[in-house]
1. Per residue, how much space in cubic angstrom lies within the convex hull of the C-alpha atoms of region 53-100?
2. Given Cα pairs under 8 Å that are at least 6 residues apart, what percent is the relative contact order of region 559-641?
3. Could the peptides 551-561, 109-119 be put in order, highest first, of the mean number of other beta-carbon atoms found within 10 Å of their residues?
4. Could you tell me what fraction of 2.2 N^0.38 Å the Cα radius of gyration of region 525-573 comes to, as a two-decimal ratio?
5. For a quick protection proxy, order the peptides 631-637, 287-293 by their average other-Cβ count within 10 Å, most packed first.
6. Tell me, what is a quarter of the convex hull surface for the C-alpha atoms of the chain, in nm² with one decimal?
7. How do the peptides 480-490, 207-217 rank, highest first, by the average count of neighbouring beta carbon atoms within 10 Å per residue?
8. Treat each spin label as a single point 7 Å out from the Cα along the C-beta direction, and report the residue 398 to residue 275 distance in nm.
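FYI, it's all coordinate maths here, none of it is from the lab. This one's a predicted model, so the numbers in the text were calculated from it and none came from an experiment. Cβ placement follows ideal geometry from the backbone for every residue including glycine, while neighbour counts extend to all protein chains displayed.
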């Protein structure tokens, strides 16, 4: 754990700046305020920014330092309650109340998009939700070549070793590194762990590494045009095109586990690629890196694309490129067999791009030693060579044996556990709004269970918002209650607790109509956006209430043993019921998964009581002939101690 040097430095700097900024010149949502001063009851209040941030830091430091209980090998993940932040958006606000987000700063020099400083001020609010772990989407510097939207994607990483300078507050004059150190220190003081998401398979097309190490990249002739959507011309660059028979054979071979002599792309595609240009020839031309081969041919960095399945219809990833994990003259191209399902002739020790692997394996140790982070979410980790993953995990655990690894994987498989991961995203977000699918998922807890924990959440930065689904806020409340009562990891995607309906990105589970409604330039992942922190639909009190119940029964709830989870069949496809039990505690959960209509419940229960009291609503439910009977409102969840 880091010392609190940077946090004190930040407080000192803010204290010295107090007199330089006007009182009531900086608007904040009331939810952000954690001080003791009495404020007006309005949902937006105005403050002196330096006084506000200084007071926020002092409030944190005046709390007793909470010890973070150590485990081994990242096992603490099982007890995590996660708050997921995309800092640029989560902490964005119209501070000067002029009706827009000023870029890069407002007239007083403060950022209106998110910053590490504002994230520190939010920590008491986040802690109050019952959270003990923060998951940050990438916070590294962002590239410009092929940039999506007005600000670019955090996944288009210019340099994995450098933080995004736009996350610092210029008025402080300290820079992103010092401010992020202070953020981690503040989080640790409150007993909150910090997990950061990293990408190891791709970087921005104008990555700092291109000029330094052109041999780490795939290059194509500059005269080759990019393929446009629905274009099937193989002479244009894009994902390789295979025949229907080739696709069938490729899928069959890969699914059989045989990676020998995989079918390559056609020659017309492979011939677009060239050897890397000499380092000294790589230069910038209008924001793009261009290299010159010894024969005078000009070459450029190739865009990445979805490689699996080989006929995936996603648009090209215009802002990133694949890193060349192996060097082999016969595999000098981007395709499924070079960037994911590595052909066995390619994936050998002699072809490892060793200097690249060394650089990648050093990223996490840098963030551990410099900032004290506690874990990592690996984006597209399933596509990294196994040997590289093992090296990354080994180096990180040498520094911190309790460092956690999370897998961006929607399947919950033994493979992720065997590879050393502590958790996966899982598929609850996909199944929870389909009652029958969700019930099937829950039933597994009572039988064979799951090989490792997954995120209990109805949404992520890639999916529709919970409040945008059928039932709206009712559905959000239902999902949060259910997520906290099962042996999985409650996960709040920031904005969920505010009733946000606007997605961050449209990567998963969107209709064609929705995709047309949310083009990249309108999505927060790529452009400026602020949550509505003053929304009437915010459910922060409900989130806190459920979190307290989870904390009370935590040891039982996180217990993955099937003996602690008894599934109860109900008389309706919309109703859910199960019992959690141990020698010390026992409680019944029942829920109505229908968001529009009431549902009756009748559940056989052994009890001498005449009625049971729902912990959530305080309402009594009668027991008639040893059956709990009653009516559940749309989306209602009830919890009874037995």
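1. Per residue, the Cα convex hull of region 53-100 comes to 128 Å³.
2. Relative contact order here is 28 percent.
3. 109-119, 551-561
4. 1.89
5. Sorting 631-637, 287-293 by mean packing, highest first, produces 631-637, 287-293.
6. About 30.5 nm², averaged over all directions.
7. For the peptides 480-490, 207-217, the packing ranking is 480-490, 207-217.
8. Label at residue 398, label at residue 275, 3.4 nm between them.
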